[in-house]
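Bear in mind these aren't lab numbers, they're just calculated from the coordinates by the rules spelled out. Treat the numbers as computed from the prediction; the structure is a model and nothing was measured.
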Amino acid sequence: MTTIQLPTIGISGQPVSRPCDVCGKTFHSKNAAAAQAMLAGKLRVCDKCRRAGARTQLPYSEYLKTEWWQQRRAKALARAEHRCQVCNSDKRLEIHHRTYERLGHERDADLIALCHDCHTLFHGDGRLPY
């Protein structure tokens, strides 16, 4: 499996560049929203390939492997003081998306730290018994 590094911005305001996952040609962000999408791993193909029907977003499982997500995850854990926000456990912590609406550019309120047990309970029937 090939590992793809997400692009970074060296100086604020400069366009982001990356190779297209389909044709390999370098393409550049056209505006701030496109730059953000590229950094989040949501925009991975050039306009020509996108118009030809190429996929423009990472699968969720791949998104969770990106440096961008690892930074968001670390920030959410720090905000929760490395404790489950339901039972206060500090064991086997996971970050739960309260919504997937802004996947790739999540707000702080979109993410909650849960221990594995609380996360499993929540996904079992959508409720926690506390």
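Annotations
- Amide H contacts of Cys23 (H built 1.01 Å from N, under 5 Å, at least 5 apart or other chain): Cys46
- Rounded to whole Hz, the Karplus (6.51, -1.76, 1.60) HN-Hα couplings of the range 91-102, x for glycine and proline: 9, 6, 6, 10, 9, 9, 7, 6, 8, 9, 4, 10
- Using only alpha-carbon positions in the range 44-110, the gyration tensor eigenvalues give semi-axes of 31, 11, 10 Å once each is multiplied by 5 and square-rooted (largest first).
- Relative contact order of the range 17-57, pairs being alpha-carbon contacts under 8 Å that are 6 or more residues apart, as %: 36 percent
- Residues whose amide H falls under 5 Å from that of Glu94, counting only those 5 or more places apart or on a different chain, are Leu114, Cys115, His116, with hydrogens built in the peptide plane.
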